[in-house]
Amino acid sequence: MITFNYQKEKSQIGLVYRPVADVILEVDNFKVEVPMYIDSGADITLIPFRFGRALGFKQDSNEIMEMRGISGSGVPYMLKKVRIILKDIELEARIAWALIEDVPLLLGRMDIFTLFRITFDEAEKIVEFENVQKIKN
């Protein structure tokens, strides 16, 4: 079982608690640990433009797609593959590399959520990832 704590943050509505995972992203043996919002409403994991550049991603105009979120405005992105490490579990996942800066780091469902039974415990302010696919550590 992997457990992540909620993080207290200021918002326009006051103090809120948000589920955050400390995630290691690895591309070509370069690893970086970042906090990501655990977002059950996000279809795919999302990273901003400069962060993707730091991971070594290159733009190719033939691969650009567009996603729409709750705001309705389109966000250009490219689909990339990375190794994601959650505590001691490693997995390969597709992520959306946004070609703009103004997006949060999100841990989305594609290639990740189906491997776990995930419990958002609002009362305790934790998220638990139970490894149901028996991913090797």
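No lab work stands behind these numbers, since they all come straight from the coordinates. As the structure is a prediction and not an experimental result, all values here were calculated from the model. Backbone-built Cβ (ideal geometry, glycine too); neighbour counts: all protein chains shown.
At-a-glance table
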quantity	calculated
Strands (runs of 3 or more DSSP E) contained entirely in region 36-101, each with at least 3 residues that are surrounded by 13 or more Cβ atoms within 10 Å (Cβ to Cβ)	45-47, 74-86, 89-98
Subset tally (residues that are in a loop (DSSP other than H, G, I, E, B), surrounded by 13 or more Cβ atoms within 10 Å (Cβ to Cβ) and β-branched (Val, Ile, Thr)) for region 102-137	3
Residue within region 54-69 that is touching a Pro at 6+ places or on another chain (Cβ under 7 Å) and charged (D, E, K, R) present	yes
Matching residues in region 1-35 - criterion: being over 16 Å from the mean Cα position of the chain (by Cα) and assigned to a strand (DSSP E or B)	8, 9, 10, 11, 14, 15, 16, 17, 30
Count of region 36-64 residues which are free of Cβ contacts under 8 Å to residues at least 24 places away in the same chain and more than 18 Å from the chain's Cα centre (by Cα)	5
